[in-house]
Structures are given as C-alpha cells and as structure tokens.
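Scroll down for the structure; my scribbles are underneath it.
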Amino acid sequence: MQRRWDIFCTVVDNFGDIGVCWRLAKQLTQDHNQMVRLWVDDLRCFSCIAPDVNPEIHQQNVQAVEICHWQKAFPEVEPADVVIEAFACELPDTYIAAMVRKNKQLVWINLDYLSAESWVAQYHRLPSPHPRFPLTQTFFFPGFVPGTGGLLREKNLLAQRDVFDIAAEQAFLDQKGLCERRPDEIRIALFCYDTAPIESLIKFLSESSGPVLLIVPKGCVADRIVAILSYVASSNESLIKHKQLTVQIIPLMAQNDYDRLLWSCDINFVRGEDSFVRAQWASNPFIWNIYPQAEGAHWKKLEAFLDLYTAGMPLEMAIAVREMWFCWNGGKALNASVWMNFLALRESLMQHNKEWVKQLLKQGDLVSGLVQFVENQL
C-alpha cells in the first residue's frame, strides 16, 4: 500500500547522515512506490551529493522525493503516516504536537546508526513510549546479521554492478574526466577523515613498484595532500604527480556515480556509514575510517565489525586486515610493511568479499524491512 513518509535529517559531518537518508528516501519511492517528504536542515551540503537539489529553494521535488528545508521556525504541516527520526535528530515540537492531534494512527521510527555490536539485535524494533504524549517510537537498527534491520540495498544494485564491465567502466571514466588506466596501475579511491595518517599513505604510494592513481574528492583531505606534495610534485588544478603516484582531485559525486567509482577502483578507502556500506556491495578490497567518538566508543564498533568480517578468513589474512584498519584509524603508526601486507591480499580479499556479500544477502534490505514493519503496524 502507498503511504506518506516524513524523514527528518540533520546534516552531521557533512555527508554521512544525509547520504543514508537520501538513499532511503529514493529507495522508498523507486522500489516501493511510497510518497516521501525529506526534511533537511542544510540544503547546500546536501546538494554536494545530490546535484539536482537547489539549495536556494526551500521546497522542491527531486527524483520523486519532496525535499523541504528544515528551519527553526517549523511550519504547521499534516504529519505523514510514517515518521522517521533519523539518528536521534529530535523532531520539531510543533510537528510532535501535530502528531498528537492526528486522528489516524501513525508509525514513528527512530532510525539509529549502523553497528555490528551484539546488542543491536536485542534492541532492534523495541518500542519506546513518549514520556509526556500518547505516542510510541520504535527503534530501528541497521545491521549485518539476521535479527537486525539489514543494510540499504536497492533492488537492482547488484545486477547493475554485475554488468559493469570494462566498456561500462571506460564510459564512466570518460564521462567523469577520470584518468585512463595505465598498465599495471593500482587505482585507489580515498574518502576519509582528516585524522587519518594521510602523510604515511602518500609516502608509501609514491614509492610503489608500479603506477598508482589516487582519486580524492575536494575538501580538507585533498587540501592536505596538496600541501604535502606542493614542494616535490608537478601539478595542475586537479592532477598532482610525484614519483609513481598520480593524485586526481575530483568534485563530490552524485551517489549513483560514487557507486560506480567504487566499482572502478582496486582499493576503496571509505568512512562513516554510507560509503562504508557501498564499499561492501562493491566487493573490492576496502579500508574503513570509522567516525571517532568520545571516550573511544568507536573502537568497540570497529572491533565488532572486524570480528564478523574476518571470521571466515585465514589467520594471516585476518591479522593483516586488522593491522591495516587499526593503523588507519590511529591505533598505532602506519608503516610500510602493514600497507604492503594489505596490498598483497588484493586478490584474496576480492574473493572473500564476494562470500561476505553472499552472507549479507541472507537478510532482507533495510527499506524492505521498514516497509514490512509499517504495514504490520497500520
């Protein structure tokens, strides 16, 4: 049945939260024929990953999703049948008051952050009555195992990836102005936080035995790489060359194009939640830069995922992956041997990742699970 959905999102850390919410909104409309209104507090940032969004227009329709600028002075609106409060962003008081007045039953979902920790399955779908109003919200936890909410995955995503052959890759590279592949080149996408040991990585890549192309989106990390290489490299506005390394700085991409970039690269450095999940569907070797949290809470999340992800690996392979991820997240200094050990696993990791995807496919996708849950409630 077609329902009306309101999704509320505050833009935190630029792209993570809105990246998830934008994919969620599009999949609800395109795969499930739902009516979606997406409330976002920072349209300018949003437009970086959704070029069709005009940050000057407060209400617009993009890819069948109604996008509204979420401002402090929140308008009087009729609440939807389903309300998603993404990542504990706190709904406007006026909207909650309208929810209380609504005659018809609605479903209020608190969509939480992704985690591989064991407690997620216990708390997934738990109801939480509002302390003052006759409303109940339900916690919905994405996850990697049955009993959790699953991961975002469009119906045709893996089919599109599987037909992305050499010709399709070349057409994509041409369309985006990306460098042509050179013989024996290693192609790497780098999307990380500014806290990552970028200087060490640049040094190791520059001294590689063969050519390396490092593709980096514009932003503080790209600026840092420019500063690192400014005295030793030849460069123009978007290409920097130093020894074996070529750095190509690119604009941020729309999400569908970013997926294709991940499919095109031999190794993908990803961060946060959205790109982390997309790297897994890409099946190429990847390295996760987890969002740093107060009091080191992120280390438990990193360990929990690694425990799941490396469970089927040979011991030496699991150790090499853990060391690389640990160093990349600042656990200790990244040295050349850690990087080379990881690099040597490229072929093995591709095979492992294909099996990992099969394991993830044993559970339903996040949006299908949300839609089914809503239908059971209404």
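Springs between alpha-carbon pairs under 10 angstrom, Gaussian network model over the chain: which of ILE287, ILE57, ILE319 fluctuates most?
Greatest mean-square fluctuation among the candidates belongs to ILE57.
Straight-line reach from LYS218: which lysines fall under 29 Å, measuring Cα to Cα and dropping same-chain residues less than 8 apart?
Output for LYS218: LYS26, LYS176, LYS203, LYS241, LYS243, LYS301, LYS332.
For region 211-221, take each phi angle, set θ = phi - 60°, evaluate the Karplus expression 6.51 cos²θ - 1.76 cosθ + 1.60, and give the result in whole Hz per residue in order, putting x for glycine and proline.
Once rounded to whole Hz, the list reads x, 10, 10, 10, 9, 10, x, 4, x, 5, 5.
Which entry is the computed percent of Cα pairs over 36 Å apart for this structure: (i) 25; (ii) 53; (iii) 43?
Structure-derived value, by its label: (i).
Return the unpartnered cysteines for the chain, using a Cβ-Cβ cut-off of under 4.7 Å.
Lone cysteines by the Cβ rule: CYS45, CYS48, CYS68, CYS89, CYS179, CYS192, CYS220, CYS265, CYS327.
Given Cα pairs under 8 Å that are at least 6 residues apart, what percent is the relative contact order of region 259-329?
Relative contact order, region 259-329: 27 percent.
Please arrange LYS203, LYS218, LYS362 by accessible surface area, largest first, computed with a 1.4 Å probe and ligands excluded.
The residues order as LYS362, LYS218, LYS203, largest area first.
Could you give me D for region 273-360, from Stokes-Einstein at 20 °C and 1.002 mPa s, where the hydrodynamic radius is the Kirkwood radius over C-alpha pairs? Units µm² s⁻¹, please. Display every interim value, and only then the final one.
Values: Rh = 13.5 Å.
It diffuses with D of about 159 µm²/s by this estimate.
Please give the per residue accessible area of the chain, computed with a probe of 1.4 Å over protein heavy atoms only, in Å². Show your work: numbers first, answer last.
On the way: 17140 Å² over 378 residues.
That works out to 45 Å² per residue.
Rounded to the nearest 500, what is the chain's calculated 222 nm mean residue ellipticity when only DSSP H runs of at least 4 contribute -39500 (n - 2.57) each, over all residues?
Working: 15 runs with 154 residues, N = 378.
Calculated mean residue ellipticity at 222 nm is -12000 deg cm²/dmol.
Relative contact order for region 117-260 using alpha-carbon pairs under 8 Å, separation at least 6, rounded to a whole percent?
About 16 percent, as a whole number.
Could you give the length gained on full extension between LEU126 and PHE74, defined as 0.36 nm per residue of separation minus the Cα-Cα distance, in nm?
The LEU126-PHE74 span can extend by a further 15.8 nm.
Quick one: how many Å² of THR195 are accessible to a 1.4 Å probe, rounded to 10?
100
Treat every Asp and Glu Cβ in region 13-60 as -1 and every Lys and Arg Cβ as +1, leave all other atoms uncharged, and give the resulting dipole magnitude about the Cα centre to the nearest 20 debye.
Using only the charged Cβ atoms, the result is roughly 160 debye.
What does DSSP give for the chain in terms of the percent of beta bridges that are antiparallel, rounded to the nearest 5? Spell out each step's value before the answer.
Details: 13 of 55 bridges.
Among the beta bridges of the chain, antiparallel pairing accounts for roughly 25 percent.
Given region 51-143, what percent of its DSSP beta bridges are antiparallel, to the nearest 5?
Antiparallel bridges make up about 45 percent of those DSSP assigns within region 51-143.
If contacts are Cα pairs under 8 angstrom and at least 6 residues apart, what is the relative contact order of region 115-189 in percent? All intermediate terms of the calculation are to be shown ahead of the outcome.
Working: 57 pairs, mean separation 14.4, N = 75.
Value for region 115-189: 19 percent.
Work out the FRET efficiency for GLN170 and LEU135 from their Cβ-Cβ distance, taking R0 = 51 Å, and round it to the nearest 0.05.
0.45
Does region 1-49 classify as rounded, prolate or oblate by the C-alpha gyration tensor (a ≥ b ≥ c root eigenvalues; a/c under 1.5 gives rounded; else a/b over b/c gives prolate, otherwise oblate)? Can you show the working numbers first?
Details: a/c = 2.79, a/b = 2.10, b/c = 1.33.
Prolate shape, in that a/c is at least 1.5 and a/b is the bigger ratio.
I need the peptides 79-85, 155-161 ranked by packing, meaning the mean over residues of other C-beta atoms within 10 angstrom, with the highest value on top.
79-85, 155-161
In whole percent, and with a 1.4 Å probe on the protein chains, what portion of the accessible area of the chain is carbon and sulfur?
Taking all protein chains in place, the chain shows 51 percent carbon and sulfur surface.
May I ask for the distance between the Cα centers of region 1-30 and region 237-315, given as a whole number of Å?
One Cα centre to the other: 21 Å.
With only Lys, Arg, Asp and Glu charged, each at its Cβ (+1 for the first two, -1 for the last two), find how big the charge dipole of the chain is about the Cα centre; round to the nearest 20 debye.
It works out to roughly 280 debye.
Would you rank MET324, MET350 by solvent-accessible area, highest first, keeping every protein chain in place and using a 1.4 Å probe?
I get MET350, MET324, largest accessible area first.
The values are calculated or read from the model by the stated rules, or taken from the named source; none is laboratory data. Since the structure is predicted, the reported quantities are computational estimates derived from the model, not experimental observations. Quick reminder, even Gly has a Cβ in these numbers, built from the backbone with ideal geometry, and neighbours come from all protein chains shown. With ligands, DNA and RNA removed, areas are computed over all heavy atoms of the protein, side chains included. Shrake-Rupley method; radii C 1.70, N 1.55, O 1.52, S 1.80 Å.
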